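Structure first, commentary second.
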Amino acid sequence: MPAGVGEDSRRLRRMPVAAASTATKPVLFDLPYAPLAKKRLPAGRPREWYINHNRRLKAMRLAIALLDAGFYRPEQADNRRIRATAELVDIHPPSDITCHMVRALMRYSR
């Protein structure tokens, strides 16, 4: 085989292209929501640590649900939309602090 022939054929191969979505409305992929098996939290920490830990977990679940629904920017996720998403995925309505954490996760995960 002459030098350079194999290189040309590799260069001419096309990469697969992602298919465009035909959905008209955003769809939540993780419906119905099924939580993972729970592990025991470490004992001996202050109560505030447990509250913050659970709040972070809820904020992460809500951020993932919003991303799955097609809301990628924090400006798109106001408190009303976050609480509506929580209702869709069967999570108790989040507090204002948790809604703020959801937007922070969306902002800093970019």
Check your understanding: Looking at Pro74, Pro93, which one is surrounded by 13 or more Cβ atoms within 10 Å (Cβ to Cβ), without any contact (Cβ under 8 Å) to a residue 60 or more places away in the chain and not acidic (Asp, Glu)?
Key -> Pro74
Review point. Counting just the residues of segment 75-102 that are of a type in the set (Asp, Glu) and part of a helix (DSSP H, G or I), which one comes out farthest from Ala59 (Cα to Cα)?
Key: Glu75
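Which is in a loop (DSSP other than H, G, I, E, B), modelled with pLDDT of 55 or more, surrounded by 10 or more Cβ atoms within 10 Å (Cβ to Cβ) and not hydroxyl-bearing (Ser, Thr, Tyr), of Leu41, Leu105?
Result: Leu41 is the single residue among Leu41, Leu105 that is in a loop (DSSP other than H, G, I, E, B), modelled with pLDDT of 55 or more, surrounded by 10 or more Cβ atoms within 10 Å (Cβ to Cβ) and not hydroxyl-bearing (Ser, Thr, Tyr).
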Review point. (1) modelled with pLDDT under 95; (2) surrounded by 12 or more Cβ atoms within 10 Å (Cβ to Cβ); (3) outside any helix (DSSP H, G or I); (4) of a type outside the set (Val, Ile, Thr): which one isn't true of Leu36, the others all being true?
Key: (2)
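Yes or no: segment 49-70 includes at least one residue that is assigned to a loop (DSSP other than H, G, I, E, B) and either surrounded by 11 or more Cβ atoms within 10 Å (Cβ to Cβ) or modelled with pLDDT of 90 or more (or both).
yes
The values are calculated or read from the model by the stated rules, or taken from the named source; none is laboratory data. Not measured: the values here are computed from a predicted model. Every residue, glycine among them, receives a Cβ derived from its backbone with ideal geometry; neighbour counts consider all protein chains shown.
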